[in-house]
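In what follows, a single structure is set out as structure tokens and then discussed.
The values are calculated or read from the model by the stated rules, or taken from the named source; none is laboratory data. Bear in mind the structure is a predicted one, so any value in this text is a computation, not a measurement. Here the Cβ positions follow ideal geometry from the backbone for every residue, glycine too, while neighbour counts run over all protein chains shown.
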Amino acid sequence: MADPALTAPEGAVTIERYVTATSKPRPGSTGHGAPPAKNRLPGPAATGPRSEGLIRMARLSTIPFFKEPGIDLAPFETRCHWRRFDEHEVLVDFDDISTDVYFLAGGEVRILNRTQSGKEVILGEMRGGAFFGELAAIDGVGRSANVTALTRGEVCVVPAAVFRQIVFASEPIADRLFRLLAKRVRELNTRLMEHALLDLRHRLYAELLRLSVPRAGGGDERVVSPPPYHHVLAARIGCRREQVTREFTAMASEGLVDRTRGALVIRRPDLLEARVAEALREDG
């Protein structure tokens, strides 16, 4: 039960105030009838619902997509909600009729498609700061992919109507959305071209280069961290795990890749790039 002294309306006579007004200071007290500081209960401004609401009200502007919007986001805050998710939790599934947009505040998710036979094609992963679900918010069509959590995390769920209102009201946010959609179309075009023109080996080269980042202090070397599982790479490039394993064995024997603790090191990314470019030219 809440302490009446913490919840009574302003101006009401509470037990704490009555005792303060009628009692003499006790040894060890503050001299004003209040208990020592270390024993005091936190006041309503520190932990009450009002302060929690204020904290929530400020969160939408912390999302990278909504930064510097040029409009007041306060009216939209209460129409969105935040929730946590667990590892392996399905956030969005195929053909769902929901149209919410999910903004990742933390954690990592994987986006994939699955055929009727059960074969999975991984489209990519997303981490904090990214968002998904905007296509359904734009056209109202059922979900075209599955999104499953790889780790625990938190999302801000923005209803389609709110998302559209913000985009239409803010030119900087609309421009940000246009550029992001254009980037995703270009990336999908590149992958489509690779699947159509490259064999398994060169598709694997291209995917490793796409997943990698420059290695700190490693010169021209690049790394993929954590090292990807072979079955995950197979699902990304459209082949079987055993085929990926054979290609890695061949690359290791050439000195192209090396596995260290916590990372896959690409020793000769320049050579992989040259081989992919040559394969594309030969097909043309």
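Hey, could you check the range 107-134 for residues that are of a type in the set (Gly, Ala, Ser) and at negative phi and say which is nearest to the chain's Cα centre (by Cα)? Among residues in the range 107-134 that are of a type in the set (Gly, Ala, Ser) and at negative phi, the one nearest to the chain's Cα centre (by Cα) is 128. Do we find a residue being outside the structural domain of residue 124 (by TED's automatic domain parsing), closer than 22 Å to residue 120 by Cβ and assigned to a loop (DSSP other than H, G, I, E, B) anywhere in the range 239-252? Scanning the range 239-252 turns up at least one residue that is outside the structural domain of residue 124 (by TED's automatic domain parsing), closer than 22 Å to residue 120 by Cβ and assigned to a loop (DSSP other than H, G, I, E, B).
Applying the condition of being in a loop (DSSP other than H, G, I, E, B) and in contact with a Lys or Arg (Cβ under 7 Å, 6 or more places away or on another chain) to the range 202-228 and asking which residue is nearest to residue 267 (Cα to Cα) yields 221.
Residue 262 passes every criterion in (1) surrounded by fewer than 18 Cβ atoms within 10 Å (Cβ to Cβ); (2) closer than 21 Å to residue 193 by Cα apart from (2). Of all residues in the range 137-160, those satisfying the criterion of being touching a residue at least 40 places away in the same chain (Cβ under 8 Å) and farther than 20 Å from residue 84 by Cα are 140, 142, 143, 144, 145.
Restricting attention to the range 184-195, does a residue exist that is outside the structural domain of residue 264 (by TED's automatic domain parsing) and outside any helix (DSSP H, G or I)? No.
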